[in-house]
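Novice: Have a look at the structure that comes next, please.
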Amino acid sequence: MHLMLSHVFSLLCSFSAANAPAVAPAPRPIEFAVIESSCSTEGSHIRQFAFDANPNTYFASERNAAKSDHLTLTFDQPVSLKTVSVLTGTPNNEFALRAATLEVSTQGTDFESVATFADGKAEWSGNGKLVKAVRVRVIEDLKHPLVVREITLDSDPKVVTFRYPIEFTLDVKDAPEMKEWGQKVVRICEREYAMICDELSSEGFRPLTQIHLSLKSDYNGVAAAGGGRITGSVKYFKAHPGDIGAMVHETVHCVQNYRARNLPGWLVEGIADYVRFWKYEPGKAGRLTPERANYDASYRTTAAFLAFVSANYDPKTVTKLNALLRADKYDAGVWKTLTGKSVEELNQEWKRSLAR
Ligand SMILES: [Zn+2]
């Protein structure tokens, strides 16, 4: 109503456009929600599949659901909720929920029941109520697992569904005291996953949906990744708990998922550090020594070179290089195709820009 009145007012007074009362911009969508459950995940049926806009995938609990078990979706900020509907059971209609309620919470702590499940479905019209979290809660012991196919929301602002569903599992058996730190890291890596997958997208490629992160006492490096597994050193991360970017770097390797052998290691590491230092934590890479900089010096030095080429030639440089590496079509000639210049010419230009 306010918007309409101010609109009429501006017409009547015939202000210049610059003076006209501004119409409030649409609120930015909520980019991330956290989805948790009291039940652990069965196989590959991860929690984020319950909020991925794809009714063919679903969350399933490992064990039969008991009274008070839940699956809870918590938004970064409260949203004005118009409707929420939840579909449970597998696509074959197994394990549709009956003895359960749909609940909402304004703060994310205390919940109120707003609908009960019938034939595996529940829905509620929130009429704009501010809601921070919605959850499915089982109200009696069941003889089957908790299976949630899809939560669908209509809200203002909109909550973005998981475009690249991912679930990290954490193993801190070697250092139980690192559990809290590990959970924090896992949450950050899950949150950054869509950004990483967008940066490293390529035709027909589907990123991993599960990554196992373990902290090991007998591991002497910093961290390493391969085949959906990340290993980190207990000793290193105890001494450097702030170096979460190192785990984001390893998560990038999991998304790269290159199969070919003999790829240029400097570029593989350069891309991982480019995503880390130019997308996840810009400005943290530190200063380069111009005399020692070279495009193939790996890690953050190559990352800086990639940033230079991205800024001056093509903002999609890293996405394109990643696609070539993933398809095993990378060779030194691709720089000329992408930018019109050889990698040596680009190197000289970049080094001159550093010396300035
Ligand atoms: Zn690396």
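The values are calculated or read from the model by the stated rules, or taken from the named source; none is laboratory data. Quantities reported herein were computed from a predicted structural model and do not represent experimental measurements. Every residue, glycine among them, receives a Cβ derived from its backbone with ideal geometry; neighbour counts consider all protein chains shown.
Novice: Scan the range 235-264 and report the pairs whose first residue is outside the structural domain of ILE196 (by TED's automatic domain parsing) and over 15 Å from LYS279 (Cα atoms) and whose second residue is among the basic types (Lys, Arg) and within 11 Å of the ligand (Cβ to nearest atom), with Cβ atoms within less than 8 Å and a gap of 6+ or a chain change.
Specialist: The qualifying pairs do not exist here.
Novice: Given the structure, is VAL148 outside the structural domain of ASP243 (by TED's automatic domain parsing), farther than 17 Å from ARG47 by Cβ and in contact with a Leu (Cβ under 8 Å, 6 or more places away or on another chain)?
Specialist: Judged against the criteria, VAL148 is not a match.
Novice: For the range 240-270, what are the residues that are within 19 Å of the chain's Cα centre (by Cα) and either modelled with pLDDT under 95 or more than 10 Å from the ligand (Cβ to nearest atom) (or both)?
Specialist: Within the range 240-270, ASP243, ILE244, GLY245, MET247, VAL248, THR251, CYS254, VAL255, ASN257 meet the criteria.
Novice: Could you list, ordered by first residue, the pairs with Cβ atoms under 9 Å in which the first is in the range 176-201 and within 19 Å of PHE75 (Cβ to Cβ) and the second is at pLDDT below 95, at least 6 apart or interchain?
Specialist: Pairs that qualify, where the first residue is within 19 Å of PHE75 (Cβ to Cβ) and the partner is at pLDDT below 95, are GLU190/PHE32; ARG191/GLU31; ARG191/PHE32; ALA194/GLU31; ALA194/PHE32.
Novice: Just to be sure, is THR302 away from the ligand (no atom under 12 Å from the Cβ), of a type in the set (S, T, N, Q), over 30 Å from GLN183 (Cβ atoms) and over 21 Å from the mean Cα position of the chain (by Cα)?
Specialist: Considered against the rule, which asks whether it is away from the ligand (no atom under 12 Å from the Cβ), of a type in the set (S, T, N, Q), over 30 Å from GLN183 (Cβ atoms) and over 21 Å from the mean Cα position of the chain (by Cα), THR302 comes out as no.
Novice: Looking at (1) over 21 Å from CYS197 (Cβ atoms); (2) within 11 Å of the ligand (Cβ to nearest atom), which is the one condition that is false for PHE237?
Specialist: PHE237 satisfies all of (1) over 21 Å from CYS197 (Cβ atoms); (2) within 11 Å of the ligand (Cβ to nearest atom) except (2).
Novice: Let me ask another. So for the range 317-332 (the condition being free of Cβ contacts under 8 Å to residues at least 60 places away in the same chain, farther than 23 Å from ALA260 by Cβ and hydrophobic (A, V, I, L, M, F, W, C)), does at least one residue qualify?
Specialist: Scanning the range 317-332 turns up no residue that is free of Cβ contacts under 8 Å to residues at least 60 places away in the same chain, farther than 23 Å from ALA260 by Cβ and hydrophobic (A, V, I, L, M, F, W, C).
Novice: Only one of these conditions is not met by ASP218: (1) away from the ligand (no atom under 16 Å from the Cβ); (2) of a type in the set (Asp, Glu); (3) under 25 Å from the mean Cα position of the chain (by Cα). Which number is it?
Specialist: For ASP218, the exception is condition (3).
Novice: Further, regarding this structure: Can you go through TYR280, TYR313, TYR274, TYR295 and tell me which one is surrounded by 17 or more Cβ atoms within 10 Å (Cβ to Cβ), away from the ligand (no atom under 16 Å from the Cβ) and either over 12 Å from TRP350 (Cβ atoms) or in contact (Cβ under 8 Å) with a residue 24 or more places away in the chain (or both)?
Specialist: Of TYR280, TYR313, TYR274, TYR295, the one residue that is surrounded by 17 or more Cβ atoms within 10 Å (Cβ to Cβ), away from the ligand (no atom under 16 Å from the Cβ) and either over 12 Å from TRP350 (Cβ atoms) or in contact (Cβ under 8 Å) with a residue 24 or more places away in the chain (or both) is TYR295.
Novice: From THR101, THR90, THR109, THR116, which residue is touching a residue at least 40 places away in the same chain (Cβ under 8 Å), more than 18 Å from ASP154 (Cα to Cα) and in the same structural domain as VAL131 (by TED's automatic domain parsing)?
Specialist: Residue meeting the stated conditions: THR90.
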